[in-house]
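The values are calculated or read from the model by the stated rules, or taken from the named source; none is laboratory data. This structure is a prediction, so every number in the text was calculated from the model and none was measured. Here the Cβ positions follow ideal geometry from the backbone for every residue, glycine too, while neighbour counts run over all protein chains shown.
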Amino acid sequence: MNLDDRSRLHKAVEDLTRQTWFPHIPISLALALLGVLHLMPVLDQAQSLQLHLLTPGSIRQDLTGVDLPGVSQLSLGVFLLIMSVGLWLRLQFAWLLAVLGLGLAIVLATLSLQSDRPAGIWQLAYDTLLMGSLLAAHRQFSGGSFQLATLAALVAVLVLFAYTVFGTYYFGAQFSPQIDTLTDALYVSVVTMTTVGFGDFTPTTTDARLFLVSVILLSIALLSTAVGATLIPAMVSRIAQITTGRRVNVLRKNHYIIIGYSALAANTYRELADRQKQVTVILTRKSDSAHFNAEDIDIVVGDGGNLDTLREAGAEQAKAIMALMDDDSENAFVILAVKELQIKAKTVVAVSQAKHLARVRRVHPDMIIAPQVLGGELLTSVLTGERIDVKGIMGRLLGQSDAVQTSDKKKQN
């Protein structure tokens, strides 16, 4: 592959990553397909499951052909299908659980190779490729809120609990004493998932022991992840609210960052807040927060051009960073600092004076907004009766059209 081919390939990849559906939609569909593949081998055997849940021993009779991997596949298939919905919504917690589920899928695919299944090698390759794609695209899954994370955690715990109860009842004859009722299976499941281990029911076979090992490992991983993603941030936010008197958002993910105070900054914050968007404001003085007229504003006090301050505000996980101060040079320095972080967040810079437009463009922000620059020209056009080019005005207002550059050159000449 020559240099030109590499350049075209690199450009194609960059263009693809700018699409709003890539890569989370293909990964979500691939995970859903994997869930279906895990369900298909045991779906026929499990059709009569709902008719016999309350009849002791019937599940074992109906699923006599399902071994330990088969029991795991049934729950894993449902789990992966649910997590694919979370990946579609770009939930970070769903990404964590999907990685956990894929790890179990790779283990099951490895076990299937020992049974000489022809599809085992292909499924292992598919699982490994999907795992690599998930890990490579981890920055794309930064969305979600406390409510969505709690819902995803609840669904994951319920799926694991159903897997534990079903598997314990299925392997009931391999315990001492035997587990013959769903009540006993429920009791053993709770004891196992909470890692209490009273020891009144003991597995006597290798399959039963391996099953309990899988439950214990999954329980520890899932519950610790759920607590870390839901309860701990909520507790930290509540403690900060009590000690500081205002709400502090510790989940700065997929949010917007406004740097500095100005009339434009205050109006932008209000519009984003009205749309239920998460916003973090960086101010040099805490007292400036009074100008935003918001009680629960998330503030980081510091210099917006400082890398540590930007990291504290969650710049690496932000959707957009807006330098909206009245000082054009300060705004330009902020954009330079953001570029130094090498992040994917969109950069927006406000320009107050026309003579600074050309210099601000040299820092290559994604968008330049200059309402004051064109205000006088627009007012003059209205008063003198000149024709107003709406498209041109909008382009020049946002600093994105060639008309701005042409206007600047005329003024310089």
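Counting only helices (runs of 4 or more DSSP H) that sit completely within the stretch 29-129, those holding 1 or more residues that are modelled with pLDDT of 75 or more and in contact with an Asp or Glu (Cβ under 8 Å, 6 or more places away or on another chain) correspond to 92-114. Just one of the listed residues (L374, L379, L341) is farther than 23 Å from V300 by Cα and touching a Leu at 6+ places or on another chain (Cβ under 7 Å), namely L374. Select from the stretch 171-187 the residues that are touching a residue at least 24 places away in the same chain (Cβ under 8 Å), part of a helix (DSSP H, G or I) and either surrounded by fewer than 23 Cβ atoms within 10 Å (Cβ to Cβ) or under 34 Å from the mean Cα position of the chain (by Cα) (or both) and list them in ascending order. A173, Q174, L182, listed by residue number. Could you tell me which of the residues G395, G385, G302, G399 is at positive phi, touching a helix residue (DSSP H, G or I) at 6+ places or on another chain (Cβ under 7 Å) and either at pLDDT below 85 or among the charged types (D, E, K, R) (or both)? From the options G395, G385, G302, G399, the qualifying one is G399. Of the residues D274, D296, which single one is outside the structural domain of F161 (by TED's automatic domain parsing) and at pLDDT below 80? On inspection, the qualifying residue turns out to be D296. Anything in the stretch 170-228 that is over 24 Å from V107 (Cα atoms) and either in contact with a Gly (Cβ under 8 Å, 6 or more places away or on another chain) or not assigned by TED's automatic domain parsing to the domain that holds A105 (or both)? List them, or say none. Passing the criteria: Q178, I179, D180, D184, A185, V191. Just need a number here: residues in the stretch 262-301 that are loosely packed, with under 15 Cβ neighbours inside 10 Å, in contact (Cβ under 8 Å) with a residue 40 or more places away in the chain and closer than 17 Å to A313 by Cα. So the count comes out to 1. Does F211 qualify as being touching a residue at least 60 places away in the same chain (Cβ under 8 Å) and on the phi < 0 side of the Ramachandran plot? Considered against the rule, which asks whether it is touching a residue at least 60 places away in the same chain (Cβ under 8 Å) and on the phi < 0 side of the Ramachandran plot, F211 comes out as yes.
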